[in-house]
Structures are given as structure tokens and as C-alpha cells.
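Since the structure comes first, as C-alpha cells, the remarks are kept for the end.
The values are calculated or read from the model by the stated rules, or taken from the named source; none is laboratory data. Please read these numbers as outputs of a predicted model, since none were measured by experiment. Every residue, glycine as well, gets a Cβ built from its backbone with ideal geometry; the counts of neighbours run over all protein chains shown. Just so you know, the surface numbers come from the protein's heavy atoms only, side chains and all, with ligands and any DNA or RNA stripped out. Shrake-Rupley method; radii C 1.70, N 1.55, O 1.52, S 1.80 Å.
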Amino acid sequence: MGKIQVLSDLVVNQISAGEVVERPASVVRELVDNSVDAGATDVSVYLEQGGQSLIRVVDNGSGMGAEDAALAFERHATSKLRKESDLLSISTLGFRGEALPSIASISKVKMTTRSAESATGIEVKIEGGAILSVNDVSCQVGTDFEARMLFFNTPARRKFLKQPRTEELKVEKWLLHSSLGHPTVRYRLFCDGDEILNLPAKASFIERAKSLISGSYVVIEPRPSSIQVEGVVGHPALAQSDFNALIFLVNGRLIQDRALVKAVKDGFDSTLKFQEMPVGVISIKIPPSEVDVNVHPQKSEVRFVNSQGVFLAVREGVASAVRRFNSPVAGITDSKRPEFWAKSPAPLVQQTYMSGASTSSFAPRFLDSDQSTEQFGTFANYGGEFVGGAAVAEAPIAGQRVVQTELIHRSTAATAPNFSFSSLRYVGQIMYCYLLCESSDSLVVVDMHAAHERYNFNLIRNSYLKGGIAVQELLVPATIHLGKEGVANLSQNSDYLKRFGIEVEAYGPLSVVVRAVPPFLKGADLERVLRELATESFDGLPNSVQGAIDRISARLACHSSIRSGDKLGPEDVRALFQALDSTEFSAACPHGRPVVVSFNEAQIERWFGRDR
Ligand code: ADP
Ligand code: MG
């Protein structure tokens, strides 16, 4: 006998399970995807011990007839694909027919299912891939899938399972993200009997997204095109150091894609620093024939036929939305850094449930706002528009009041697109730094230095891109000592500097002489400006838009701006506000910090305890 043997089905399925079923969250993903593919509008996920003892997914989808219920566990048995060419236009989440046999090979499964056509349902029990029983049962239309004792027969894999809490969080995060792709489905998650998530059905993707967001955002409106880009992106001030809070959906499927991250970043233009990562969710709708979804074992990457077209559509969609960030960021009333996603405030629950809560494990980590208002009438008392569960709730147990520490109001960014600085009533300057103003319904505070910096940054950058800035000759040229390297750097790049309006040439080996500067640097500390420029890298000039042009523009803008400490008269303020209205991204300074923050009446009332 030769050495080569064909592997048994069980081994093949376990190998496949190694790719498909990495951990409880991957089982949940496969099962919930199946529910969605089956047209379910209601999906509940139950975990026990983080999914290690039980993962159960119950749906009200199409269910299966008796024949299909048994076939579903055969390897490569699928109802979603018939022939080779179908692979080129997949519109379902699943298509390989390997999830159920994989899951059944490494756990103890009981599946109860009924289709609308059959009067009775069917219950299939399988352990480690072996069918134990198939029985007629009475049950609702839909499918109830239980996988117990994950990896019971593969101890090596069991060892890699993390703490139940970690697994729960993974499932929760995936469900939240995935729910964005299927807004009309209601999702619930229960962990050891506690309701953790409750996301009611929404009319649209945008509505679902809004219900999960707590920070300032703008909406990307879809344009008629074969590549439709819709989305919601967070204010530049909410940017993060990694891209975990930037979510992509392609035809409802959650995917990861580095090129798309870059497209979004490019769309944010100069509102972000080099290392900052934007936050938001981008949904791309594209004909299924234009995208290959069969390129990754867990189907979390795709390949576009026209990747350049998709890149541009995303970049343009984001760019046109980001341009509308010209209105205030909602002020927050505590010291916590605002977050974009009203994501699982898990650790908050402990801290925010008042003492005695330990007697009950009820802890809604996330309830949708609609539902919350319904259940917890107290929301309305705060007058504000609440988002997600990051609000104040009255616990339905033992009358305990649950106060979450963060009270975040939905930003006016999306609701007041017609914000203009000039229409504000200017009240006065405080701390030589902030301009207090009143809008029709809010207290609006402008950081005058950040505002001026944004204005000048745009001016400098746009003038540079248009080919140059008008210069003013200095009556007395300034000689500045910079050292050998600085002199070399500046004289090598003097053409670029000229385009920024600075005429400079070497004056001996250690100094430069400055003959002309742009008007906006009048009054700036020239020696400091030149010292800083001497350390700049001019790589990528003359043309790379991000990088050197932005860096140098930001540097010059910083020196040209009103410093905090300057006193501004009402005329100066009016001029500044008019200038801001005429420029783009005026609500975020080039360092991504907010320029203008607003506090609505409900927030102010809270300062004074008037909300109680
Ligand atoms: P795939 O999703 O790739 O087709 P699966 O192994 O996940 O493969 O499922 C096999 C088949 O079982 C599916 O094609 C579908 O016909 C059926 N099925 C699985 N889960 C459900 C469900 N929740 N409701 C209805 N049918 C289901
Ligand atoms: Mg599937």
C-alpha cells in the first residue's frame, strides 16, 4: 500500500474548521450570516461562557425542509451556488457550503428548523460530525442552531480559547459592525442570560449607523453610479491611532482593505495628521460581478475588478462629506475624550451601575436609542438627542438608577449643515483665547488661534498649489544664523520656499539672508520660522499634496496666526468669522483639533443641576 491516503470526511471537516472556525466569534459569524442569507428579520444570539459551552443562533428566516436539513451538514452542500459561473456573481454572504459541516465536526450540534411549506419541523443532532438522530418536531418557521462544547474533540484548539469575556466582546463587536450591513434585521445578543445588545430593525443603513454613533459625524450621500458609496465619517478630532474604528462593507459584507483605508484617509485631506486614522463606516454597493468575494478563507477580504474606480469613489465620497465639517463639534461635559462609536461600554457598566447592582447580572451594555426611550422614559427628560446606549438609563430592576458617566449628544454637525460663523452673536473674548458666541440654540465657543490657523493654512496651501504666494520685500533683509546643515537644506530648496513666499539665500556657510516674506508672516518671529523650516524635509515637493506641502503650510500657518494672548476687538472677530465662512474645513484646525465647540441648552442645564 502506498503512503498516500484520502482523508476521512471528519478529518477534512476538522481541517476546514481550522480555517473557518477559529473561535466562538467565527461560529457566530457563520451562523448569523446563514440567518441573514435565509432572509431572517430577527436574529438572536445566545452565548454561555463566552460561547465555549454554548453558541446558539435563532432566526425567523426561511428555515429548511427535512431533506435540506440533513444535506446542510454535507461538505460543500450549499443552496447558494449551482455552477461555476455563479461564483462570478455572488450576492449571498455564504457560498462555500463548509460552515455547517465544519462546526458540526468540532462541537455538539442540535439544529431545529422548519420551512413555511412544511407542517412540522425537523431536529438534527450531530456530535463530532456523526449524525445521532433526525426527528420530526413541532417548531416555528425558521432555524434554531445550537453548538455546544466547542472544540470538545480537539483539545489543542480548546487551549487557544481566550477568557469568556474576551470572546463575548469579540462577538459583540462583530455583531455591531455586521448589523450595519443589514439594517432591516433586528439583532439581539444574550450572554449567560443577560441581554447585551438589542438593535431594532432600521429603515436604512444610514439610520442604523446613526443609532450606533455617539460622536460628531457627517453623512456621505450616495450618488447614482455603478459603484455606490454611502457612509458616515467622524469628525477629524475623533481620529484614532489605529484603524479599528473604520469599518467597510461591500454589498453588506464586512471586509478589511488597506487600499480603502488609504482612500478614506486621502478623502480627509489636510484635516488629519499623518499618523491619524479616520473613524466611520463606509458601505460600498457594487454589482456582484464586479467583485470577487472568494479570496479569503473567512471571506473578510474581497478583490474588485475596478479597484481604481472603487478607490476614487470612496475618496471622493469622503472628501465631499468632510468638506461639510464646518460646524461645531458637540461639547462634552466631562473630561473623557469623545468617542465616535457608542460602542460596547462594557467596563462602564460596572462603574455606572450603582451599588447593589451586583445582586443582578442585568446589564444592558448597549441598547438602541429608540428602544431605550421606549423602555426608559427618563431619557426624554434630558431634552437632548441621545445616541446609542451612552446615555442615562433607569434600570428596570430593583428601581436602581443607572447613570452612565458619559452623556453625549448627537452633534449638530449633521443636523445643522447651514452653520455659519458670521451668523453667530459674538458675546466676548475670554482668557485672551476663546471667543464666546451664541447661536439660535447653543453656546458656541471658538478657539481663535485654531480658527485663524485653519484659515491661514488653507490660504497658504491653496496659494502654493495655485503656483505661488505674493511676496513682500523686507526693507532690511534679515540675516539668520542656522548652521551648516540648515543653510544647505534651505538653499537647496529655495525654489520651493519661494513658492511659499519666502526668498532666502545662503549668506556664508552658516547663515542665510531673508529678502522677502509673504504678507501673512508680517510680525512673525522670522528667526524661529527659519529655524523650523531649516529642519523640515522638502521631500515630495513640488507636488505631493499630503506630506511636505501640508507640513510646511501648517508650520507657516502656526506662525502667522493670532496667538492666544492677543486681544481681539469686535471688528477683528467679524473679519475672522467672515474669513472662516469663506474657507473649507473651517471647524477643524490643521492639527485635527476642533475649532468650534457648541453646548446646547440641555447640556448647560446639566451644569447647574436644572435637569433633575
Ligand atoms: P453556505 O452558507 O456557504 O451555503 P453553510 O454550511 O453555512 O454553507 O450552510 C449550508 C446550507 O444550509 C446553506 O446553503 C443553506 O441552504 C442552509 N442553511 C444554513 N443555515 C440556515 C439557516 N439559518 N436558515 C436556512 N437555511 C440555512
Ligand atoms: Mg454559511
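Projecting label points 7 angstrom from Cα along Cα→Cβ for residue 495 and residue 462 puts them 2.7 nm apart. The separation of the stretch 552-612 from the stretch 181-245, counted between C-alpha centres, amounts to 29 Å.
For the stretch 417-467, a crude dipole built from +1 on the beta carbon of Lys and Arg and -1 on the beta carbon of Asp and Glu, taken about the Cα centre, is about 280 debye to the nearest 20.
The share of accessible area on the stretch 102-169 that comes from carbon and sulfur is 54 percent, using a 1.4 angstrom probe.
Rolling a 1.4 angstrom probe over the stretch 459-585 with all protein chains present gives an accessible area of which 50% lies on carbon and sulfur atoms. For the stretch 181-239, carbon and sulfur atoms together expose 47% of the accessible surface, with a 1.4 angstrom probe and every protein chain in place. Taking a spot 7 Å from the Cα of residue 75 along the direction of its beta carbon, which residues of the stretch 108-134 have an amide N less than 16 Å from it? Zone members listed by number: 128-131.
Of 125/170; 262/285; 80/285, which ones are farther than 22 Å apart at the Cα? If you can, show how the numbers build up before the last one.
On the way: 125/170 27 Å; 262/285 19 Å; 80/285 20 Å.
Too far apart for the 22 Å limit: 125/170.
Taking only protein heavy atoms and a 1.4 Å probe, what accessible area per residue, in Å², does the stretch 492-587 have with all protein chains in place?
47
So, for the stretch 153-219, what is the accessible surface per residue at a probe of 1.4 Å, expressed in square angstrom? Walk me through the numbers on the way to the answer.
Values: 2560 Å² over 67 residues.
Spelled out: the 1.4 Å probe surface of the stretch 153-219, per residue, equals 38 Å².
How do 230-238, 205-213, 524-532, 152-160 rank on mean C-beta neighbours within 10 Å, highest first? Spell out each step's value before the answer.
Details: 230-238: 25.9, 205-213: 21.9, 524-532: 15.7, 152-160: 12.3.
Those peptides, ordered most packed to least, come out 230-238, 205-213, 524-532, 152-160.
What is the extension gain from residue 601 to residue 156, computed as 0.36 nm multiplied by their sequence separation minus the C-alpha to C-alpha distance, in nm to one decimal? Don't skip to the end; give the middle numbers.
Numbers: separation 445, 0.36 × 445 = 160.20 nm, distance 5.80 nm.
Result for the pair: 154.4 nm of gain on full extension.
Compare the Cα positions of 191, 252, 209 along the charge dipole of the stretch 146-271 (+1 at Cβ of Lys, Arg; -1 at Cβ of Asp, Glu; about the Cα centre) and return the one farthest towards the positive end. Looking along the dipole axis, the top candidate is 191.
Summary of the geometry: the stretch 106-177 and the stretch 510-538, compared by the centres of their Cα atoms, lie 68 Å apart.
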